[in-house]
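So the structure is just underneath, and the comments pick up after that.
The values are calculated or read from the model by the stated rules, or taken from the named source; none is laboratory data. Everything numeric here is computed off the predicted structure, so don't read it as measured data. Methodologically, a virtual Cβ is constructed for each residue, glycine included, from the backbone with ideal geometry; neighbour enumeration extends over all protein chains shown. Just so you know, the surface numbers come from the protein's heavy atoms only, side chains and all, with ligands and any DNA or RNA stripped out. Shrake-Rupley method; radii C 1.70, N 1.55, O 1.52, S 1.80 Å.
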Number of protein chains: 2
Amino acid sequence: MHPSRKKVYVTGSRDDIRVPFAEVELSGGEEPLRLYDTSGPGSDPEAGLPELRRRWIDERGRDSRSNTQIHYARKGVVTPEMEFIAIREGLEAEFVRKEVAEGRAIIPANVNHPESEPMIIGKNFLTKINANIGTSAVSDSIADEVEKLTWATKWGADNVMDLSTGKHIHETREHIIRNSPVPIGTVPLYQALEKVDGDPIKLTWEIYRDTIIEQAEQGVDYMTVHAGVLLRYVPMAANRVTGIVSRGGSIMAAWCLAHHEESFLYTHYRELCEIFAKYDISFSLGDGLRPGSIADANDEAQFAELRTLGELTKIAWEYDVQVMVEGPGHVPMHKIKENVDLQQEICEEAPFYTLGPLTTDVAPAYDHITSAIGAAMIGWFGTAMLCYVTPKEHLGLPNRDDVKEGVIAYKIAAHAADLAKGHPQAQQWDDALSKARFEFRWEDQFNLSLDPERAREYHDETLPAEPAKTAHFCSMCGPKFCSMKISHELKEYAAQGMAEKSEEFKEKGNKVYLPVIG
Amino acid sequence: MHPSRKKVYVTGSRDDIRVPFAEVELSGGEEPLRLYDTSGPGSDPEAGLPELRRRWIDERGRDSRSNTQIHYARKGVVTPEMEFIAIREGLEAEFVRKEVAEGRAIIPANVNHPESEPMIIGKNFLTKINANIGTSAVSDSIADEVEKLTWATKWGADNVMDLSTGKHIHETREHIIRNSPVPIGTVPLYQALEKVDGDPIKLTWEIYRDTIIEQAEQGVDYMTVHAGVLLRYVPMAANRVTGIVSRGGSIMAAWCLAHHEESFLYTHYRELCEIFAKYDISFSLGDGLRPGSIADANDEAQFAELRTLGELTKIAWEYDVQVMVEGPGHVPMHKIKENVDLQQEICEEAPFYTLGPLTTDVAPAYDHITSAIGAAMIGWFGTAMLCYVTPKEHLGLPNRDDVKEGVIAYKIAAHAADLAKGHPQAQQWDDALSKARFEFRWEDQFNLSLDPERAREYHDETLPAEPAKTAHFCSMCGPKFCSMKISHELKEYAAQGMAEKSEEFKEKGNKVYLPVIG
């Protein structure tokens, strides 16, 4: 929590539904503004990381067939999780239930991750963002990854995926889940591959299934499953500029080709559904054949796989399992809308979850920006969650600073999407900040910023003195030249009628432009 | 010029038409790739800043009425400037002439700025970007501004506006123009205001006209003129969240109200056209009533002014004067397209030149990103030039680093727009980079990047050793896990037929995943 903000809780119909918000005090006579807060209780030094959902989960008991939010939603039950989300998003609980029941939204909430604060992914809710973290063979500190998790949620990550691939995968994940106030996703195939010494050909359904159960027991909330990479689609990617760029996709393609058999993820998919239903793990149906370059966008391989993901979505729903569908990748702007439209049609409005997309390939080291452009657009068009891309994409693993840059770029994209979708809560934030800006309430402007610390730091770089924080100008124009200042005079002037005020304005003229400092 | 690139020249129909390109050598057996180059001869330590256009200007002589590129274009003359541009953009010179003749594109080229390398602004050409620099009352080093100019063009600024407002405005501008290989724009009102001690009410047409002539003589290529802020429009802005945020707009509004008279920029507009025609200064018709917040986007005040800018465009054309039209500002995504469509209709396809737009107000310190989203989209929709926004927007004046961040974010936006518009030259750059990436040609990938230095630096942060530059993996996945690597095997495999290669692939399996280093 930023020091300029205060965590407040809104209580629901029962005492243990306490929904956190980040409250910003304002000095312009307005009510404080409450912002959606992902930082979790862990960032409050007073509290630990309590098992917020323990009672709710225990009260429901465990059904032998399905313990999922969609299961309850379809039975007409509004769970405490749904009420929590309704308060969080400023909507009716019944609306939340209906969206989940109809598969248009998911609540990733493994029964073994009671620490998580309920959140929802669906196009009729605030656009969410996901941050990827995780160790690799060349960088494997568990402490670093837990720190990145806390850091990512501080800046606004709604979900975090642990993509660890090095040693200590199990232990790293345990630390991450127990410390995470947001749902945690994984790609179980990575750990399964470690178990067969990195040789995809040695993978089997049994090894994969055991890995799923291991992770399910730990509390993983959603899992990427590349079950749409079918044997017959693999040759479609052969003549691409960048082939198969999804790790999961390339592993499964290698397996299919070597065995000349259909993917075990596809042939055992119903067994997966049964497991997912018991723990309430949500599917994130992986797009193993997503394009890795502008040249490969929206091609035959990509859309063939998407059709299979549509089939798999409907099968998951048969088992009362929640499901979202992953999307690209690298897509030029004019081809973005087709991705959402097609996914929404084929997958009957199951939530879409895209990686960017990057709108050009030419800017490695700035792919948080190339992809924020695509992410904002695809969010507007109906994508429910945006997977962030950091400045290190294509070049290396993100460090702490990169995680922040990625999260902030994606909070911008998600909020821009919410504004464009006309989400009822979105614009009040912009209006509060712009009003503070117009009224030269610098402290309010900083405190309302997505990154209060950096906004203040940048301001202070050229006008560090404390009086500058109340000055009616900034270093961009200096005291004599401020358009906002002139504009204030005009506003007063117009309010009092034009002609009769002309003389007064003329007289005030020189006073208006007197320097305030310096 | 980046050390990894070589400046090469393509000669036109006469020896003194020598068009620069930045050539990138490639190691994959391809031809070198030639990129559009804005860095100018000044960045080549061997050369000075020669008067490239001196002979062309002298040969044409000086006409008492009009010396503009549109004047020649309408007479059917292909000027050396037009041929230079045709080579630069990979198009026919006759096409360039026609676009200029019909007002759909402009070539900012004051006869007193012979050092500039001809460039064109129009929707049927590569999308251009503008970088703003300039001193202010609180920051006024001339050397710093000249350094920012060189720095901005190194990273790809197509145009630079000198928005100086402090002391030494004349001298600063002189240094900037004499050192600039790109067209220079100004807002003459700022200097005129300095001449009346910062009191807008004391402004007169005569003082403004003399300022215009002073700047015209120095060689300013385009000037922002806020002639569309009419007396009757001012009250329309009174109830906005952020009033009038354009400095020029607020100055003229203050003048109109205080005198209760129509703006002298509007009443003397035809005299301005006569002056502009002589020097070949292009109008940049300022949007003094642009929205400064999401709440104020696309409102009555903004579009009323736009209609007047449409009238003024047609008057400029009567005088054979080139003209572009400025646009906003702060606009949520769903209201962006209307801005271009309306401007193109009202101004009969005169080039649109927008500031961003920012797609949300909540991220001060990241407005290069909030606005790159809007800029990419508006570029795709037909905006010809994008005025950059730096991370310091709303907070302070940009330093050297901020200028670079702003330029790079806008090169991304402009190139993404060119891809989406289907510009014939755009995608070859992406394809070359993606091919290099897929083939693990790291050096080629760095050299093809928008920012080769940072791409290399980020890569080296986690895998600094020299062998890593030729390694067939990167630190993101490590050696055992690279999807690109697996994908290569698949490509080979698919090329040779699937079934018969199954065994061989299986045998190769273990070898494929052997670590290359570490």
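Data for the structure
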{"read-out": "Computed E for B:D63/B:K202 - FRET, C-beta separation, R0 35 angstrom, nearest 0.05", "value": "0.45"}
{"read-out": "Per-residue HN-Hα couplings for region B:62-67 [Karplus 6.51, -1.76, 1.60; θ = phi - 60°; Hz; x = Gly/Pro]", "value": "10, 8, 6, 9, 8, 10"}
{"read-out": "Burial ranking of peptide ranges A:18-30, A:223-235 (average Cβ count within 10 Å, highest at the top)", "value": "A:223-235, A:18-30"}
{"read-out": "Kirkwood estimate for region B:10-137, i.e. one over the average of 1/r between Cα atoms, Å", "value": "16.1"}
{"read-out": "Packing rank of A:123-136, A:161-174, where each peptide gets the mean count of other beta carbons within 10 Å, highest leading", "value": "A:123-136, A:161-174"}
{"read-out": "Shielding by partners - mean other protein chain Cβ count within 10 Å, residues of A:254-263", "value": "5"}
{"read-out": "Sequence-distant aspartates and glutamates (8 or more away, or on other chains) whose Cα lies within less than 15 Å of B:K491", "value": "A:D296, B:E439, B:E500, B:E504"}
{"read-out": "Part-to-part distance (alpha-carbon centres) for region B:227-273 and region B:426-459, which is given in Å", "value": "48"}
{"read-out": "More than 20 Å apart - percent of Cα-Cα pairs taken over region A:1-75", "value": "50"}
{"read-out": "Mean Cβ neighbour count within 10 Å, used as a protection proxy, ranking A:2-10, B:82-90, B:361-369 highest first", "value": "B:361-369, B:82-90, A:2-10"}
{"read-out": "Cα-centred dipole magnitude for region B:315-363, charges only on beta-carbon of K, R (+1) and D, E (-1), debye, nearest 20", "value": "300"}
{"read-out": "Exam field: A:G90 pseudo-label spacings to other copies (7 Å along Cα-Cβ), nanometres", "value": "4.7"}
{"read-out": "Three-way shape call for region A:301-366 based on the alpha-carbon gyration tensor, with the a/c threshold at 1.5", "value": "prolate"}
{"read-out": "Karplus-derived 3J(HN,Hα), 6.51/-1.76/1.60, for each residue of region B:444-458, Hz, glycine and proline x", "value": "4, 4, 4, 5, 7, 6, 4, 10, x, 5, 6, 4, 5, 4, 5"}
{"read-out": "Cα centre as origin, Lys/Arg/Asp/Glu Cβ charges: the protein assembly as shown dipole, Debye", "value": "440"}
{"read-out": "Sequence of A:K491, B:K392, B:K75 from largest to smallest accessible area, 1.4 Å probe", "value": "B:K75, A:K491, B:K392"}
{"read-out": "Where N is the number of residues in region B:156-229, Cα Rg divided by 2.2 N^0.38 Å", "value": "1.09"}
{"read-out": "Inter-label distance, nm, simple model (7 Å from Cα along the C-beta direction), B:K75/B:R270", "value": "2.4"}
{"read-out": "Shielding by other protein chains, B:192-201, mean Cβ within 10 Å", "value": "4"}
{"read-out": "Amide H within-cut-off set for A:E23, under 5 Å, with H built and near neighbours excluded", "value": "A:K6, A:K7, A:V8, A:L35"}
{"read-out": "All Cα pairs of region B:64-173, percent lying beyond 23 Å", "value": "39"}
{"read-out": "At q = 0.22, 0.23 Å⁻¹, base-10 log of I(q)/I(0) for region A:80-126 (Debye sum, equal scatterers on each alpha carbon)", "value": "-0.69, -0.76"}
{"read-out": "Charge context of A:I346, other residues only, Cβ under 11 angstrom, K/R +1, D/E -1", "value": "-4"}
{"read-out": "Inter-copy separations for A:E453, label at 7 Å along Cα-Cβ, nm, ascending", "value": "2.6"}
{"read-out": "Neighbourhood net charge (14 Å Cβ-Cβ; Lys/Arg +1, Asp/Glu -1) for B:A86", "value": "-2"}
{"read-out": "Fraction of the pair-distance distribution of region A:216-323 above 19 Å, Cα-Cα pairs, percent", "value": "43"}
{"read-out": "Cα-based radius of gyration of region B:342-390 once divided by 2.2 N^0.38 Å, which approximates compact folds", "value": "1.19"}
{"read-out": "Projected-area average for the protein assembly as shown over all orientations - Cα convex hull basis, square nanometres", "value": "39.1"}
{"read-out": "Separation of alpha-carbon centers, region B:147-184 and region A:107-179, rounded to whole Å", "value": "47"}
{"read-out": "Theoretical gain in end-to-end length, B:E102 to B:D15 [0.36 nm per residue, Cα-Cα removed]", "value": "28.4 nm"}
{"read-out": "Accessible area (Å², per residue) of chain B, counting only protein heavy atoms and a probe of 1.4 Å", "value": "31"}
{"read-out": "Estimated [θ] at 222 nm from DSSP helical runs (n ≥ 4, -39500 (n - 2.57)) normalised by residues in chain A, nearest 500", "value": "-13500 deg cm²/dmol"}
{"read-out": "Rh (Kirkwood; distinct C-alpha pairs) - chain B, Å", "value": "24.3"}
{"read-out": "Using a 7 Å Cα-to-Cβ projection, B:V8 label spacings across copies, nm, ascending", "value": "6.5"}
{"read-out": "Per-residue HN-Hα couplings for region A:18-27 [Karplus 6.51, -1.76, 1.60; θ = phi - 60°; Hz; x = Gly/Pro]", "value": "10, 9, x, 9, 9, 9, 10, 6, 10, 9"}
{"read-out": "Links that overshoot a 18 Å alpha carbon limit, given the list A:K314/A:K337; A:K392/B:K154; A:K435/A:K485", "value": "A:K314/A:K337; A:K392/B:K154"}
{"read-out": "Order of exposure, largest accessible area first, which applies to B:E393, A:E31 with probe 1.4 Å", "value": "A:E31, B:E393"}
{"read-out": "Per-residue average of Cβ from other chains inside 10 Å of B:327-334", "value": "4"}
{"read-out": "Region B:144-272: translational diffusion in µm²/s, Stokes-Einstein, Kirkwood Rh over Cα pairs, 20 °C, 1.002 mPa s", "value": "137"}
{"read-out": "Förster radius 35 Å - calculated FRET efficiency between B:D299 and A:S27, Cβ distance, rounded to 0.05", "value": "0.80"}
